[in-house]
Amino acid sequence: MELLPNGYTLDLAEGEFPLSTDSMVLSRFVKLPKNARVLDLGSGCGTLGLLLCASEESCRVTGVELSPLAHRAALENIRRNDLNARMESICADLRQLPDCVSAGSFDVCVSNPPYFSGGPASRKTPLARREDACTPAQLFRAAAWALKYGGDFFLVHRPERMAELIARGAEEHLEAKRLCLVRHREDAPVSLIALQFRKGAKPGLIWEEHALYDVQDAPTPYFQSVYHIPTSRQEA
């Protein structure tokens, strides 16, 4: 059982991907408008939905998850945290979104998607991190279909895929607007990126850069803000 901000708890189904820095970084990076309707593509056990509900009390989150096991765990997490009025989990394939997910009805989409291409060499990688059931093209197509005009799509990924992600977004009229580069340590290479795309926006990308640890391996203010550790020196 994982303890999340605001007293929420997360229980993971056996074999499902654990609570990770990726999800924590993404939840901090997301900016939600008031009363946002959020679609979580590949929502797993409901991790991102719980984190977003903990940080913004007016949002409502719909998760779409392919794995029945993860979906059942998400339903239990929603019930245990008394979030039935604000969260739901749908067991479906995001490549064929169900009728209850209406086109152009969401203010925000989020995703912590698969990072690695499928195939024999990747079979030891958990399904949640393989692209067997969700390629970048399919992910962006789903987000573009679900978002309102002017809505935002936030995702986290590996830095070596950045050019591909920006190109895939442009194909679906999702313009890259914000980029966050995350290093594990201040003197280390970038290990993670978070991107914000906006449906129908004009070109113009701003970026920010953070490290989780300094050169003495001490947690940075950014680390403390990502993991909701109280500090008087939190970064904006």
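The values are calculated or read from the model by the stated rules, or taken from the named source; none is laboratory data. Please read all numbers here as calculations on a predicted model, not as lab measurements. So basically every Cβ, Gly included, is an ideal-geometry build from the backbone, and we count neighbours across all protein chains shown. Side chains are part of the model used for accessible areas, which takes the heavy atoms of the whole protein and leaves out ligands, DNA and RNA. Shrake-Rupley method; radii C 1.70, N 1.55, O 1.52, S 1.80 Å.
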Hits in the stretch 177-236 (condition: acidic (Asp, Glu) and open to solvent by 40 Å² or more (accessible area, probe 1.4 Å)): Glu186, Asp187, Glu208, Glu209, Asp217, Glu235
The stretch 146-175: number of residues that are in contact with a strand residue (DSSP E or B) (Cβ under 9 Å, 6 or more places away or on another chain), among the hydrophobic types (A, V, I, L, M, F, W, C) and open to solvent by 10 Å² or more (accessible area, probe 1.4 Å): 3
Residue among Pro221, Pro189 that is closer than 24 Å to Leu52 by Cα, without any contact (Cβ under 8 Å) to a residue 40 or more places away in the chain and more than 19 Å from the chain's Cα centre (by Cα): Pro221
Complete set of residues in the stretch 128-145 that are more than 22 Å from Val25 (Cα to Cα), surrounded by 22 or more Cβ atoms within 10 Å (Cβ to Cβ) and modelled with pLDDT under 95: none
Selected residue [basic (Lys, Arg) and outside any strand (DSSP E or B)] from Arg198, Arg141: Arg141
Lone qualifier among Ser105, Ser43, Ser55, Ser20 - being surrounded by 19 or more Cβ atoms within 10 Å (Cβ to Cβ) and among the hydroxyl-bearing types (Ser, Thr, Tyr): Ser43
Filtered residues of the stretch 75-109 (kept if over 19 Å from the mean Cα position of the chain (by Cα), at pLDDT 95 or above and acidic (Asp, Glu)): Glu76, Asp82
Unique residue being among the basic types (Lys, Arg), on the phi < 0 side of the Ramachandran plot and at pLDDT below 90 when the list is Lys177, Lys148, Lys124: Lys124
First in the stretch 26-37 and on the phi > 0 side of the Ramachandran plot, second anywhere and open to solvent by less than 60 Å² (accessible area, probe 1.4 Å), Cβ under 7 Å, 6 or more apart: Asn35/Ser58
Count of the stretch 173-195 residues which are over 23 Å from Pro113 (Cα atoms) and not in a strand (DSSP E or B): 3
